[in-house]
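Chemist: The structure under discussion is supplied below as structure tokens; questions concerning it will follow.
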Amino acid sequence: MLIKVLLPLAIPRSYTYSVPEELQSQIAFGIRVEIPLRRKLYSGIVTHLDAETEDLVNPKSIISIMDRQPIVTETQLKLWQWMADYYCCSLGQVMNIAIPSGLKLHSETRISPMQKLDDHLANLTNDNEFMIAEAILNNGEISIDEIAKILGKKSVYPTIKSLLDQGLITTAEHLIEKYKPKTQDFIQFAEAYRSKSKSMDEAFNLTTKSEKQTQTLLALLTLSPTLDWVDKGDLYKKVQTDSTVINTLIKKGIVIKEKFEVSRINSNHLEVDALPPMSDAQTQAYKQIISYFEEDKNVLLFGVTGSGKTRIYTEIIQEVIDRGEQVLFLLPEIALTTQLVQRLTVTFGSDVGVYHSRLDQHRRVELYKSALEGNPIFIGARSSIFLPFKKLGLIVVDEEHDPSYKQSDPAPRYQGRDTALYLSQLTGARVILGSATPSMETYLNGINGKLGVVNLIHRYGEAVLPDIDIVDLKQMHDSKMMRSMFSSPLLHAMKTALNQGEQILLFQNRRGYSPTLQCGTCEWNAGCPNCDVSLTTHKYYDELRCHYCGYRHKTPQECPACGSIKLSKIGFGTEKIEDELGKYLKEAKIARLDYDTAKTKAQFESLIYDFEHQNIDILIGTQMITKGLDFDNIGLVGVLLADKIMNFPDFRANERAFQLFTQVAGRAGRRKKKGKVIIQTYNPSHAVIQETLKVDYAGYYKRELAEREEFRYPPYYRQILLTLKHKQQEKCISVADFLAERLKAHLGSRVIGPAVPSINRIRNQYITLITIKMEQDWDTIKTIKEIIKKEIHSVKSEKNASTVRININVDP
Ligand code: ADP
Ligand code: ZN
Ligand code: ZN
């Protein structure tokens, strides 16, 4: 019997193995098997049960079978295959991120003593050899990592090699299962008492001398009157007892103890809140969605900020789980949306599994497996698209426009929203794409009728959209109406809001203190040694930091170039704004929400809690404050500098700017009182500023789509971005030139570049880009992808360019 096995490696093919007679009956699609490859052991997934011998004379044999039940479904494998084809990567790369690391194993070298080691120990004169030999003898079998830890040093290989050569130790490869089920002690009355062949009185008679034992038995009875197993932890909570007491009771034959596997996933039965009734507008939207679903159409739910999209999702989710089908709820980034996760858990209780990257390995495995078992609802960021659903009925992609749905590194460089739409084709599950600012791609699909469009144009309840004011920064500077980064209209509005007891959000798209440290004498600029960017000053850490590679350096007191002490911190990050604002609004409680203050989920949650409970008056933040936060009392939202966002060198800059301004404005006035938004800019006549000001969705989409079409950008054309990276700029450019030339021979004017990006070096790698623009035609696109892959392959070998890294990013 020959099978094909897929491994989580960036290799282009799957491998064929033979199955020994005695294991053949247990082989099934989707289970893991242990296989040897290049002197290591791996766990791979069985993808074909009928592989051909082909060129294999003597296929290697699998070693063992690791699962009783498949851990991957046929649907998943189809999805992976589509992703590998569509996003131009290998199936192994997809598998690598699709399966929790606890289920992907590769071997570890274990070392064990040979018989004569004991006798030879005393003869070992080399200290290192002696220490290692002793550690091996003491521990029996031991891994190289463990040896390194025991000895407190990294380099142990030479010593191990020497011991091996002397025939004192031996090595072997072992596959270690990383996932360990959690077990817990449970206690119950012994069989005689449960079957009533002995009476309870007899039990208590045996413990009359010990108060503690009697109490423990009583507690056991209260916790389980039916004499079932009781969790030892619960018993300990109920009564002051310990293991000596339990052990005595076991010896007396009154109780028994056993270990059982328990789940790590929170299975507490949460209090579930009843849902409020839907408004008329919500009911209307809900009905439209259902009728599109009946036509087998997916839906764009285009609802302004605060229109109550969540309430509509919950209605449909309930129906889907009542039918016994599963729901996947995708969110931009889990930590940023704790409010929504909370709302869904309050509604659906323990049916909800929250799948995110910060879960520990074991919990991830358990959640993954719970999908196979049919757990009804999963919430997660883009990678939860890889869960193994049993019967998927609905995918909600909330904030579908969010850039974090696209993974740009490593491969597969996939778009979670688009993958959800493909998964819908595979499974028949319906998709709702929800947003107040739909992406151009989704909007156009709506116009073309590929998606049903459902609109919610008013906020829920009495809330209305806020008033927006634009402040012209040039004019403010000219008439001396600026205090630091704050124009007088903004300062005035902040004071008014504070006087009325309202809270304020200030948005600045830059963390740290200031983006540049410059010498006033020689114009020296603090730059990153590894990247082509300037270092950001951080006051709290008293450091210069690179936001691209993480490089840090203590802030210098004098210019490293000329020794002058005239160093100035130019520009404003959130940290500086927090500092400066305190000077003008002395009474206000000011806090900051950005990557530096909310590194952990706990920090993030505590800031949100404080803002929610009005312990904070003004919250200054980066993008983090734009995403889905829903607070009662925000009277004012300020955007400190709109220009950087609109001028970003990317064809989506205007789209991102409109989304950002509209979303951040959407945090204001979400209850009864009308909110206010102030946007500061040097370019008040900019189209996006005007469209935001007038809430002119129609104008925005019309202008943006026309521009995209004219300049051959998505969503009318497709793009593939090739990124070349190398330590030497010349090599990077010359290989890019050569590749572009080869591509142009086939693809003509579809090939743009090579071009050097505005940041042309990151982590000591120079970067060169080639863009390919393609017409929207699946056959053409497929052919072009083949050409690209072929040319990259041949350029890499021909031009001696194997050290140049070339990434393919489809739909960047
Ligand atoms: P969106 O996601 O569309 O911006 P939300 O779902 O956050 O809007 O809803 C805005 C606010 O209105 C929330 O505070 C929500 O609790 C409230 N809300 C929405 N629908 C209802 C309803 N049917 N009954 C009561 N409150 C609602
Ligand atoms: Zn200087
Ligand atoms: Zn750097």
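The values are calculated or read from the model by the stated rules, or taken from the named source; none is laboratory data. All of these numbers come straight from a predicted model, not from anything done at the bench. When we count neighbours, we look across all protein chains shown, and the Cβ atoms used for this are built from the backbone with ideal geometry, even at glycine. For the accessible areas, the whole protein counts, side chains as well, though only heavy atoms, and no ligand, DNA or RNA atoms are used. Shrake-Rupley method; radii C 1.70, N 1.55, O 1.52, S 1.80 Å.
Chemist: Sort out which residues of the stretch 711-728 are more than 20 Å from THR780 (Cα to Cα) and open to solvent by 70 Å² or more (accessible area, probe 1.4 Å), and write them in order of number. Spell out how you get there, then give the answer.
Modeler: Within the stretch 711-728, the first condition is being more than 20 Å from THR780 (Cα to Cα), and the residues that meet it are 723-728.
Those that are more than 20 Å from THR780 (Cα to Cα) and open to solvent by 70 Å² or more (accessible area, probe 1.4 Å): LYS727, GLN728.
Chemist: I'm trying to understand the selection: among the residues of the stretch 790-807, which are without any contact (Cβ under 8 Å) to a residue 24 or more places away in the chain and assigned to a loop (DSSP other than H, G, I, E, B)?
Modeler: Correct list: ASN800, SER802.
Chemist: Output the residue which, of all residues in the stretch 526-548 that are open to solvent by 10 Å² or more (accessible area, probe 1.4 Å) and of a type in the set (Gly, Ala, Ser), is farthest from ligand 1 (Cβ to nearest atom).
Modeler: GLY527
Chemist: Tally up the residues in the stretch 192-226 that are in contact (Cβ under 8 Å) with a residue 60 or more places away in the chain and among the hydrophobic types (A, V, I, L, M, F, W, C), please. Walk me through how you get there before you give the answer.
Modeler: Step one: list which residues in the stretch 192-226 are in contact (Cβ under 8 Å) with a residue 60 or more places away in the chain, which gives 192-193.
Narrowing the set further to residues that are among the hydrophobic types (A, V, I, L, M, F, W, C) leaves 192.
Matching residues across the stretch 192-226 total 1.
Chemist: What number of residues within the stretch 78-96 are within 23 Å of LYS390 (Cβ to Cβ) and either buried (at least 20 other Cβ atoms within 10 Å of the Cβ) or free of Cβ contacts under 8 Å to residues at least 24 places away in the same chain (or both)?
Modeler: Looking only at that region, the number is 7.
Chemist: Could I ask something else about it? Residues to consider are GLU294, GLU315; find the one that is in contact with a helix residue (DSSP H, G or I) (Cβ under 8 Å, 6 or more places away or on another chain) and either more than 26 Å from HIS613 (Cα to Cα) or open to solvent by 10 Å² or more (accessible area, probe 1.4 Å) (or both). Show your work before the answer.
Modeler: Working: GLU294 fails: in contact with a helix residue (DSSP H, G or I) (Cβ under 8 Å, 6 or more places away or on another chain).
The match here is GLU315.
Chemist: For the stretch 296-349, how many residues meet the condition of being under 22 Å from ALA602 (Cβ atoms) and either outside any loop (DSSP other than H, G, I, E, B) or β-branched (Val, Ile, Thr) (or both)?
Modeler: In the first step, residues of the stretch 296-349 are kept if they are under 22 Å from ALA602 (Cβ atoms); the result is 331-346.
Those left that are additionally either outside any loop (DSSP other than H, G, I, E, B) or β-branched (Val, Ile, Thr) (or both): 334-346.
Number satisfying all stated conditions: 13.
Chemist: Do we find a residue being in a loop (DSSP other than H, G, I, E, B) and either within 16 Å of ligand 1 (Cβ to nearest atom) or out of contact with any strand residue (DSSP E or B) (no Cβ under 7 Å at 6 or more places or on another chain) (or both) anywhere in the stretch 561-570? Give the derivation first.
Modeler: At the first step, the residues of the stretch 561-570 found to be in a loop (DSSP other than H, G, I, E, B) are 561-566.
When the remaining residues are screened for being either within 16 Å of ligand 1 (Cβ to nearest atom) or out of contact with any strand residue (DSSP E or B) (no Cβ under 7 Å at 6 or more places or on another chain) (or both), the result is 563, 565.
So far as the stretch 561-570 goes, yes, one or more of its residues are in a loop (DSSP other than H, G, I, E, B) and either within 16 Å of ligand 1 (Cβ to nearest atom) or out of contact with any strand residue (DSSP E or B) (no Cβ under 7 Å at 6 or more places or on another chain) (or both).
Chemist: Moving to a separate point now. Working only within the stretch 184-203, note down all residues that are in a helix (DSSP H, G or I) and over 21 Å from LYS232 (Cα atoms). Before the answer, list the steps.
Modeler: Keep residues of the stretch 184-203 that are in a helix (DSSP H, G or I), which gives 191-194, 200-203.
If the condition is that a residue be in a helix (DSSP H, G or I) and over 21 Å from LYS232 (Cα atoms), then ASP201, GLU202 are the ones that fit.
Chemist: Right, here's the next one. Look through the stretch 235-266, keep the residues that are in a helix (DSSP H, G or I) and surrounded by fewer than 12 Cβ atoms within 10 Å (Cβ to Cβ), and return whichever of them is modelled with the lowest pLDDT. Before the answer, list the steps.
Modeler: Step one: of the stretch 235-266, the residues in a helix (DSSP H, G or I) are 235-238, 243-251.
Then drop every residue that is not surrounded by fewer than 12 Cβ atoms within 10 Å (Cβ to Cβ), which leaves 237, 244, 251.
Working: LYS237: 86, THR244: 89, LYS251: 92.
So, considering only residues that are in a helix (DSSP H, G or I) and surrounded by fewer than 12 Cβ atoms within 10 Å (Cβ to Cβ), the one modelled with the lowest pLDDT is LYS237.
Chemist: Go through the stretch 579-600 and count every residue that is closer than 24 Å to GLY501 by Cβ and under 29 Å from the mean Cα position of the chain (by Cα).
Modeler: Filtering the stretch 579-600 down to residues closer than 24 Å to GLY501 by Cβ leaves 580-593.
Right, trim to under 29 Å from the mean Cα position of the chain (by Cα) and you get 591-593.
The total comes to 3.
Chemist: A further question follows. For the stretch 423-450, how many residues meet the condition of being in contact with a Ser or Thr (Cβ under 7 Å, 6 or more places away or on another chain) and crowded, with 20+ Cβ neighbours inside 10 Å? Can you show your working first?
Modeler: Quick first cut of the stretch 423-450, residues in contact with a Ser or Thr (Cβ under 7 Å, 6 or more places away or on another chain) only: 426-427, 430-431, 433, 436-437.
Next, only the ones that are crowded, with 20+ Cβ neighbours inside 10 Å stay: 430-431, 433, 436-437.
Counting residues in the stretch 423-450 that are in contact with a Ser or Thr (Cβ under 7 Å, 6 or more places away or on another chain) and crowded, with 20+ Cβ neighbours inside 10 Å gives 5.
Chemist: For the condition on the phi < 0 side of the Ramachandran plot, in contact (Cβ under 8 Å) with a residue 24 or more places away in the chain and open to solvent by less than 30 Å² (accessible area, probe 1.4 Å), what is the one hit in SER101, SER43, SER112? If you could, list the steps in order and put the result at the bottom.
Modeler: Working: SER101 fails: open to solvent by less than 30 Å² (accessible area, probe 1.4 Å); SER112 fails: open to solvent by less than 30 Å² (accessible area, probe 1.4 Å).
None of the others qualify; the one that does is SER43.
Chemist: Looking at (1) open to solvent by 40 Å² or more (accessible area, probe 1.4 Å); (2) outside any loop (DSSP other than H, G, I, E, B); (3) within 16 Å of ligand 1 (Cβ to nearest atom); (4) not hydroxyl-bearing (Ser, Thr, Tyr), can you tell me which one GLU605 breaks?
Modeler: Condition (3) is where GLU605 drops out.
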